[in-house]
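The values are calculated or read from the model by the stated rules, or taken from the named source; none is laboratory data. Note that the coordinates shown come from a computational prediction; the quantities given were computed from them, not determined experimentally. Because the Cβ atoms are built from the backbone with ideal geometry, glycine has one as well, and the counts that use them run over all protein chains shown.
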Amino acid sequence: MARKVSVGGQAVIEGVMMRGSSSIATAVRKSDGSIDVSVEGFTPFTKRNKFLGLPVVRGFVSLVESLVIGMNALNKSAEYIEEDVEESRFDAWFKSVFKEKSGQVSNAITLIVALAAAVGLFFVLPTFAANIFVFAGIKDPFVLNIFEGVIRVGVFLLYVYLIGRMEDTHRVFQYHGAEHKAIFCYENDMPLTAENAVKFGRLHPRCGTNFMFLVMIVSILVFSLTGWETLGERIVSRVVLLPVVSGVTYEIIRWMGRSDSGLSRVLSYPGLKLQELTTREPDPDQIEVAIAALKAAEGIDGSEEYNAQ
């Protein structure tokens with residue numbers, strides 16, 4: 001049986017970010033072939049404040065925290081690509097206005113836009129589209145909410161499918177697969193080498209894809225308990241209940257990570273199948289990058305062989 005570890009990660013541009021028990025590490029393959037690893041200390045908000053660590057509450061807090069960390073890692077990896085690109089006038093103006101805080105401001109704006117787009121696509125659009133069933137003569141609020149949920153799941157599946165078909169994301173999805181293989185190798189207590197990690201699968205039950213799919217399912221159950229008021233009131237209720245939905249989903253994911261029961265395997269199955277769209281088989285060089293990030297995040301001996309900063 002694989003041992004339980006808390007390390008998790010995310011694919012970035014030509015690299016992988018890993019979040020360990022007390023550190024975050026981002027490893028990127030540079031154009032000269034070397035691996036650059038940056039490491040920073042990390043203490044989750046859920047461990048800094050007792051209230052934020054309460055069940056359900058910790059789920060939403062962890063989600064927001066993960067989004068911020070992921071956005072920072074993605075921007076950090078993009079810096080290596082931008083080194084060879086001439087700075088635009090807008091970028092120069094932006095840096096002149098916000099100076100040393102330009103990176104933080106840029107991250108905040110990007111995060112807000114991304115959250116707004118996600119809420120609009122996966123929550124506002126489905127509740128708006130569900131009005132078609134009202135025009136068809138369906139009046140039962142419970143039934144209408146179920147139909148809305150089905151539309152939401154359909155939009156999510158279509159989104160994942162289309163993203164998976166984009167050629168530009170192929171290498172990012174390879175690094176996503178490399179991240180999973182490295183974690184599997186670590187969980188099975190094998191030496192962290194590309195030769196060992198390549199033997200494992202690329203579909204992992206603790207992947208964020210599983211979380212997002214379960215959010216869609218849990219939202220059907222939670223929103224079905226609400227009424228069917230005006231469009232504006234429904235949108236507000238969806239946004240207000242989003243922390244509850246994400247918090248409940250987080251607790252389910254935590255339970256699934258500890259359980260080997262048949263029910264946990266059933267709940268994991270749809271998310272695992274979706275990962276066939278969001279991951280690709282990595283090459284050994286990409287797995288090496290994921291292992292470098294994992295070692296640095298967990299403080300494992302040998303991580304110093306890379307260009308740690």
Where in segment 142-241 are there helices (runs of 4 or more DSSP H), lying fully within it, with 1 or more residues that are farther than 18 Å from VAL119 by Cα and modelled with pLDDT of 95 or more? 170-187, 194-197
Would you be able to tell me the number of residues in segment 41-60 that are surrounded by 13 or more Cβ atoms within 10 Å (Cβ to Cβ) and either in contact with a Gly (Cβ under 8 Å, 6 or more places away or on another chain) or under 16 Å from SER21 (Cα atoms) (or both)? 10
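Kindly check whether there is at least one residue in segment 176-196 that is within 21 Å of GLY59 (Cα to Cα), out of contact with any Asp or Glu (no Cβ under 7 Å at 6 or more places or on another chain), surrounded by 16 or more Cβ atoms within 10 Å (Cβ to Cβ) and in contact (Cβ under 8 Å) with a residue 24 or more places away in the chain.
No, the conditions are met nowhere in segment 176-196.
Looking only at segment 31-46, filter to residues that are free of Cβ contacts under 8 Å to residues at least 60 places away in the same chain and in a loop (DSSP other than H, G, I, E, B); which one of those is farthest from the chain's Cα centre (by Cα)? Even if it seems obvious, please write down each step before you answer.
Taking segment 31-46 as the starting set, the residues that turn out to be free of Cβ contacts under 8 Å to residues at least 60 places away in the same chain are 31-33, 40-46.
Okay, now just the ones that are also in a loop (DSSP other than H, G, I, E, B), so 31-33, 42-44.
Working: SER31: 26, ASP32: 29, GLY33: 27, PHE42: 18, THR43: 19, PRO44: 16 Å.
Per the stated criteria, the residue is ASP32.
TRP228 - would you say it is surrounded by 13 or more Cβ atoms within 10 Å (Cβ to Cβ), of a type in the set (Phe, Trp, Tyr) and touching a Lys or Arg at 6+ places or on another chain (Cβ under 8 Å)? Let's see the steps before the verdict.
Numbers: surrounded by 13 or more Cβ atoms within 10 Å (Cβ to Cβ): yes; of a type in the set (Phe, Trp, Tyr): yes; touching a Lys or Arg at 6+ places or on another chain (Cβ under 8 Å): yes.
The answer is yes for TRP228.
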Given (1) in a helix (DSSP H, G or I); (2) free of Cβ contacts under 8 Å to residues at least 60 places away in the same chain, number of the condition SER246 does not satisfy: (2)
Any residue at all in segment 121-140 that is within 23 Å of GLN10 (Cβ to Cβ), under 21 Å from the mean Cα position of the chain (by Cα) and without any contact (Cβ under 8 Å) to a residue 12 or more places away in the chain? no
So, in segment 47-92, exactly how many residues are outside any helix (DSSP H, G or I), at pLDDT 85 or above and among the aliphatic types (A, V, I, L, M)? 2
Listed residues VAL245, VAL289; which is under 30 Å from VAL134 (Cβ atoms), at pLDDT 85 or above and surrounded by 15 or more Cβ atoms within 10 Å (Cβ to Cβ)? VAL245
Is segment 297-307 home to any residue that is under 22 Å from the mean Cα position of the chain (by Cα), surrounded by 13 or more Cβ atoms within 10 Å (Cβ to Cβ) and either part of a helix (DSSP H, G or I) or at pLDDT 95 or above (or both)? yes
Limited to segment 213-268, what total is found for residues that are closer than 17 Å to VAL56 by Cβ and acidic (Asp, Glu)? 1
Filtered residues of segment 92-123 (kept if surrounded by 14 or more Cβ atoms within 10 Å (Cβ to Cβ) and under 18 Å from VAL239 (Cβ atoms)): LEU111, ALA118, VAL119, LEU121, PHE122, PHE123
Given the criterion under 16 Å from the mean Cα position of the chain (by Cα) and free of Cβ contacts under 8 Å to residues at least 12 places away in the same chain, identify the matching residue among ARG254, ARG265. ARG254
Are any residues in segment 124-142 loosely packed, with under 14 Cβ neighbours inside 10 Å and either touching a Ser or Thr at 6+ places or on another chain (Cβ under 8 Å) or under 18 Å from GLU233 (Cβ atoms) (or both), and if so, which ones? VAL134, LYS139, ASP140, PHE142
Can you find even one residue in segment 8-30 that is modelled with pLDDT under 90, surrounded by fewer than 14 Cβ atoms within 10 Å (Cβ to Cβ) and part of a helix (DSSP H, G or I)? no
Looking at (1) in contact with a Phe, Trp or Tyr (Cβ under 9 Å, 6 or more places away or on another chain); (2) surrounded by fewer than 20 Cβ atoms within 10 Å (Cβ to Cβ), find the lone condition where ILE220 falls short. (1)
